[in-house]
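The values are calculated or read from the model by the stated rules, or taken from the named source; none is laboratory data. It should be emphasised that the depicted structure is a prediction, and the values quoted were computed from it without experimental measurement. Note that each Cβ is placed from the backbone with ideal geometry, even for glycine, and that neighbours are counted across all protein chains shown. These area figures cover heavy atoms from the full protein model, side chains too; ligands, DNA and RNA do not enter into them. Shrake-Rupley method; radii C 1.70, N 1.55, O 1.52, S 1.80 Å.
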Amino acid sequence: MLLTQKEIYLQDINFILSMGDLLYINEHLQCKNYLSDDKCTFSKYLVKKNIPVNINFFNQYLFVFVLSGKLELTYESGYKIKLESSKMYSIGFDQSVFVNSIENSQIILLTFDRPQVLCDEFNLMNLKEYLPVEDSKVRSLVINKYMLNFLDTMQMYIGNKMLCRHLQGLKQSEFFFIMRGFYTKEENAMFFYPVIEAKNPFKLLVREKSKNVETVKDLAAACNMTTKTLTRRFKETFNETPKQWLLTRKKQRVKIEVLRTDNFKEVQEKVGFSSYAHLNDYCVKQFDKTLKELRRLK
């Protein structure tokens, strides 16, 4: 399931909202900016023990703030990390992950497609010199007292259903102000590694041109490069071949589309399979599950 502001629940998660003390609720609900599709959203969830949840953040970044409890997050590669209480985690960009709660846990999720940074002195690209040599396997920071105060306020807004697009954007900007003011440049560089690296011109070009291509040859042509040059740049930038990268992207997209809808014909056409059988065989090969078995994971 792709998380958006209009989808205010996740399968197998109890979304903890009440009407609260918000005045004139009908006026809020009727506003065109209430629960809009804007790709900047904070949301709060109670994740029940031992109930696995799939979170897809296609073309978005995901950050997790663990207010209480313990969780285990599994990437598509199979790599697992533990999420601990009073810490915040930078999960990555454009992926699908599974979260399993070791004990009942409360979390806040932040997703966005581009950072809304209003501080003139906090240019993420200026943090490049502080980047670690390579991406950390676990990008986490302690939720300090300033961030905790921010999250308390965010919970108040969510708990009272103040879910306005403009307010969400302002709160995201406030989040970056707190990161700028109360975390070191080294901590920011590590935490926002996916955002900073995504600004790489070659990565931006590849992500844009890869939307409508199937083969390495097509991608090279779309990027106005020879296949040899594209392969060299890929190894330098992504540390893998363009073929490997395209195969991984296709696998991610198939999974996201299958989890998003049970209209398999629509999925088949959208991801370029000639028949239901072809798509089903692909799922068995890539995920060790039939199409219907994969869909039941949502």
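Points to keep in mind about this one:
- Looking across the range 194-224 at every residue that is among the charged types (D, E, K, R) and more than 19 Å from the chain's Cα centre (by Cα), the one that is nearest to residue 57 (Cα to Cα) is identified as 209.
- Checking 250, 255 one by one, the residue that is under 18 Å from residue 270 (Cβ atoms), open to solvent by 40 Å² or more (accessible area, probe 1.4 Å) and not polar (S, T, N, Q) is 250 and no other.
- Screening residue 145 on (1) surrounded by 14 or more Cβ atoms within 10 Å (Cβ to Cβ); (2) over 22 Å from the mean Cα position of the chain (by Cα); (3) modelled with pLDDT of 95 or more shows it passes everything except condition (1).
- Residue in the range 99-136 that is nearest to residue 57 (Cα to Cα), counting only those that are out of contact with any strand residue (DSSP E or B) (no Cβ under 7 Å at 6 or more places or on another chain) and charged (D, E, K, R): 114
- Counted residues, the range 257-298 - those being in contact (Cβ under 8 Å) with a residue 12 or more places away in the chain and either in a loop (DSSP other than H, G, I, E, B) or of a type in the set (Phe, Trp, Tyr) (or both): 9
- Any chance residue 217 is without any contact (Cβ under 8 Å) to a residue 40 or more places away in the chain, open to solvent by 60 Å² or more (accessible area, probe 1.4 Å), touching a Cys at 6+ places or on another chain (Cβ under 6 Å) and assigned to a helix (DSSP H, G or I): no
- Residue match in the range 190-207 (condition: over 17 Å from residue 109 (Cα atoms), of a type in the set (Asp, Glu) and surrounded by fewer than 14 Cβ atoms within 10 Å (Cβ to Cβ)): no
- Taken together, the criteria exclude residue 178 from residues that are surrounded by 13 or more Cβ atoms within 10 Å (Cβ to Cβ), farther than 16 Å from residue 109 by Cα and within 18 Å of the chain's Cα centre (by Cα).
- Residue in the range 43-50 that is among the charged types (D, E, K, R), over 18 Å from the mean Cα position of the chain (by Cα) and modelled with pLDDT of 85 or more present: yes
- Of all residues in the range 272-292 being closer than 18 Å to residue 96 by Cα and in contact with a Phe, Trp or Tyr (Cβ under 8 Å, 6 or more places away or on another chain), the one that is surrounded by the most Cβ atoms within 10 Å (Cβ to Cβ): 291
- Just so you know, in the range 63-98 the residues that are among the hydrophobic types (A, V, I, L, M, F, W, C), at pLDDT 90 or above and more than 22 Å from residue 168 (Cα to Cα) include one that is surrounded by the most Cβ atoms within 10 Å (Cβ to Cβ), and it is 83.
- Verdict on residue 224 being part of a loop (DSSP other than H, G, I, E, B), open to solvent by 50 Å² or more (accessible area, probe 1.4 Å) and within 30 Å of residue 87 (Cα to Cα): no
- Matching residues in the range 232-291 - criterion: being of a type in the set (Lys, Arg) and over 16 Å from residue 59 (Cα atoms): 232, 233, 235, 243, 265, 270, 285, 289
- Evaluating residue 106 against the criteria (1) open to solvent by 70 Å² or more (accessible area, probe 1.4 Å); (2) in contact with a Gly (Cβ under 7 Å, 6 or more places away or on another chain) leaves one unmet condition, (1).
- A single member of 171, 161, 137 is crowded, with 18+ Cβ neighbours inside 10 Å and part of a loop (DSSP other than H, G, I, E, B), and it is 161.
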